[in-house]
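Notes to accompany the following structure.
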Amino acid sequence: MKSIDVLAAVLLVVGGLNWGLVALANFDLVAFASGAGHFGAKNVLGALIYTLVGLAAVYQALGWKAIQRRWQLARA
């Protein structure tokens, strides 16, 4: 697996955990981890993390057809 694929997967997990915590506990993991403070607060590091999570989602979405082809070849 390429390093960029691993990074994208990690960022998607971070994004998923953040949204789960927002929904269940009203806790913003990215704001906490970046030192921005309270829920919904954003600083430069937080903005970078949010941007990278979004780009990771786009990257994974664009690669979805390739992933499906690899799975089909692995099953054959």
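Return yes when Leu11 is open to solvent by 80 Å² or more (accessible area, probe 1.4 Å) and in contact (Cβ under 8 Å) with a residue 12 or more places away in the chain and no when it is not. Taking the combined requirement at face value, the residue does not satisfy it. Specify the residue that is least open to solvent (accessible area, probe 1.4 Å); the eligible residues are those in region 14-28 that are in contact with a Phe, Trp or Tyr (Cβ under 9 Å, 6 or more places away or on another chain) and aliphatic (A, V, I, L, M). If we take residues in region 14-28 being in contact with a Phe, Trp or Tyr (Cβ under 9 Å, 6 or more places away or on another chain) and aliphatic (A, V, I, L, M), then Val22 is least open to solvent (accessible area, probe 1.4 Å). On the stretch given as region 43-76, residues that are under 15 Å from Trp19 (Cα atoms), of a type in the set (Val, Ile, Thr) and either exposed (fewer than 10 other Cβ atoms within 10 Å of the Cβ) or touching a helix residue (DSSP H, G or I) at 6+ places or on another chain (Cβ under 9 Å) (or both) total 2. From the set of residues in region 1-58 that are of a type outside the set (A, V, I, L, M, F, W, C) and at pLDDT below 90, which is nearest to the chain's Cα centre (by Cα)? If we take residues in region 1-58 being of a type outside the set (A, V, I, L, M, F, W, C) and at pLDDT below 90, then Asp5 is nearest to the chain's Cα centre (by Cα). Which residues, counting only those in region 14-62, are touching a Ser or Thr at 6+ places or on another chain (Cβ under 7 Å) and touching a residue at least 24 places away in the same chain (Cβ under 8 Å)? Selection gives Ile49 alone.
If you go through region 19-76 and keep only what is of a type in the set (A, V, I, L, M, F, W, C) and assigned to a loop (DSSP other than H, G, I, E, B), you end up with Phe27, Ala36, Phe39, Ala41, Ala76.
The values are calculated or read from the model by the stated rules, or taken from the named source; none is laboratory data. For clarity, every value in this text was computed on a predicted model and none was experimentally measured. No Cβ is skipped: glycine too gets one built from the backbone with ideal geometry, and neighbour counts run over all protein chains shown. Quick note on the areas: whole protein, heavy atoms, side chains included, nothing else; ligands and nucleic acids left out. Shrake-Rupley method; radii C 1.70, N 1.55, O 1.52, S 1.80 Å.
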